[in-house]
1. Answer with yes or no whether residue 224 is within 15 Å of the ligand (Cβ to nearest atom), of a type outside the set (D, E, K, R) and within 24 Å of the chain's Cα centre (by Cα).
2. If you go through region 88-128, how many residues are in a helix (DSSP H, G or I) and either within 15 Å of the ligand (Cβ to nearest atom) or on the phi > 0 side of the Ramachandran plot (or both)?
3. Across region 183-220, what is the total count of residues that are near the ligand (Cβ under 9 Å from one of its atoms) and of a type in the set (A, V, I, L, M, F, W, C)?
4. With (1) in a loop (DSSP other than H, G, I, E, B); (2) farther than 16 Å from residue 214 by Cβ; (3) in contact (Cβ under 8 Å) with a residue 60 or more places away in the chain as the list, and residue 32 as the residue in question, which single condition is left unmet?
5. When you check residue 230 against the structure, is it surrounded by 16 or more Cβ atoms within 10 Å (Cβ to Cβ) and outside any loop (DSSP other than H, G, I, E, B), yes or no?
6. Restricting the search to region 4-38, which residues are more than 16 Å from the ligand (Cβ to nearest atom) and in contact with an Asp or Glu (Cβ under 8 Å, 6 or more places away or on another chain)?
7. Given the structure, is residue 287 part of a helix (DSSP H, G or I) and open to solvent by less than 30 Å² (accessible area, probe 1.4 Å)?
8. Of everything in region 4-27, what is within 16 Å of residue 298 (Cβ to Cβ) and part of a helix (DSSP H, G or I)? Give them in sequence order.
Amino acid sequence: MDRDQCLALDANDPLRAFKDEFVLPEGVVYLVGNSLGALPRRTAERVRQTVEDEWGSQLVGGWNHAGWYAQPLTAGDRLAPLIGAGPGQVVVGNTTSIAVFQAVAAALRLRPDRRVIVSDVRNFPTDHYMVQGLAGLLGGYEVRDFAQGRFDDAAVVLLSEVDYRTGARHDVPSVTARVHEAGALMVWDVCHSVGAMDVDVSGADFAVGCTYKYLNAGPGAPAFLYVNPRHHAAAENVLSGWHGHAEPFAFETGYRPAEGVRRFAVGTPHVLSFAALEAALDVWERVPMDQVRAKSMALTSLFVDLVGDALQLVSPADAAARGSQVSFRHPHGYPVMRALIDRGVHGDFRAPDVLRFGFAPLYIGYADVYDAAATLLEVLDKELWRDERYATRLAVT
Ligand SMILES: Cc1ncc(COP(=O)(O)O)c(C=O)c1O
């Protein structure tokens, strides 16, 4: 496909109007929306409003009158459709790492007769680290790698829908069914799928995810936790902070969990971050997810085709089997990525040798993909990555 054909696809793209809703620097092809999503145009004004009109004029009254106190649940209800959940099933706050801890701990309490936690050693490390910390705290638990495929004595299985490094996608309904048949509970991490495709975790027991990647809620934006309603009465939040208490402002000496998913709230919500999340959700409420997935598969396939055999593909070759990212392997992956970024094509690097490119369908077009591939091929052909400026590692890769 040539650049003119890509421009024609952009002109007919049903999602093309969304690009104007994001702030993107001139001359940059931003393929890191799977790490930190781009800034929605409306966010600055929404955050300003919270700072000046709410905090500045209502002061502490903002907790009641600006809806700050209810944010974990109101944002959860707005986000729920993006993961196939309903109202009253999602609570927003904290970080994904904390939500993983809460979900896995709650699952263990629901399966007290079992002593095995299944976790994927290739998952984004924080998930596996949190499981290790929890198992260490509790004592007497085995942490087993998902690849062993044995769930018959497991209490819980924790897995990411889309692998952060390869982009490989698990089939949520079939894995969930296998886990349930074995009598275990299922926790999905949807960090790399929410906002990139139709996610449906409604058959699972718990799900966690972040809002700063494809959902564009900004750096440090709060995470979310889904709890299936069938567990609302029995599931316990071991991080029993006051916002999960039945009556936080009764200031009782004993912990009494709130009804429903609210018991999984922990402490004071990060109000300024919620403002940015709300601005992002104003966009997502209008997004047809089936079109997002169709375009995402077309973009990743185009990139794979254009790069051809210049690099070794790490992601599944079949678009349906991957998320919205494409990863390649190169022995000098780090300087290759630095050279690319210097030329306006922003991807990222995951040790030891993986070049990652995320395609956010709301603001990435076909011509962007064409330009990114052409620049990548030039960096490789001319060995532009050999410049010594690209050898030193920055703190965040
Ligand atoms: C699968 C997965 N889980 C969790 C996280 C991050 O967790 P946290 O929000 O605690 O930083 C990431 C970040 O990239 C991730 O890819």
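1. Details: within 15 Å of the ligand (Cβ to nearest atom): yes; of a type outside the set (D, E, K, R): yes; within 24 Å of the chain's Cα centre (by Cα): yes.
In short, yes.
2. Total satisfying the criteria: 13.
3. 4
4. (2)
5. On the way: surrounded by 16 or more Cβ atoms within 10 Å (Cβ to Cβ): no; outside any loop (DSSP other than H, G, I, E, B): yes.
Spelling it out, it is not the case that residue 230 is surrounded by 16 or more Cβ atoms within 10 Å (Cβ to Cβ) and outside any loop (DSSP other than H, G, I, E, B).
6. Passing the criteria: 16, 29.
7. Numbers: part of a helix (DSSP H, G or I): no; open to solvent by less than 30 Å² (accessible area, probe 1.4 Å): yes.
Criteria not met by residue 287.
8. Keep residues of region 4-27 that are within 16 Å of residue 298 (Cβ to Cβ), which gives 5-16, 18-19.
Across region 4-27, the qualifying residues are 5, 6, 7, 8, 9, 10, 11, 16, 18, 19.
The values are calculated or read from the model by the stated rules, or taken from the named source; none is laboratory data. Since the model is a prediction, treat every value here as computed from it, not as a measurement. Please note: Cβ atoms are built from the backbone with ideal geometry, for glycine as well, and neighbour counts cover all protein chains shown. Note: areas computed on protein heavy atoms with side chains; ligands, DNA, RNA excluded. Shrake-Rupley method; radii C 1.70, N 1.55, O 1.52, S 1.80 Å.
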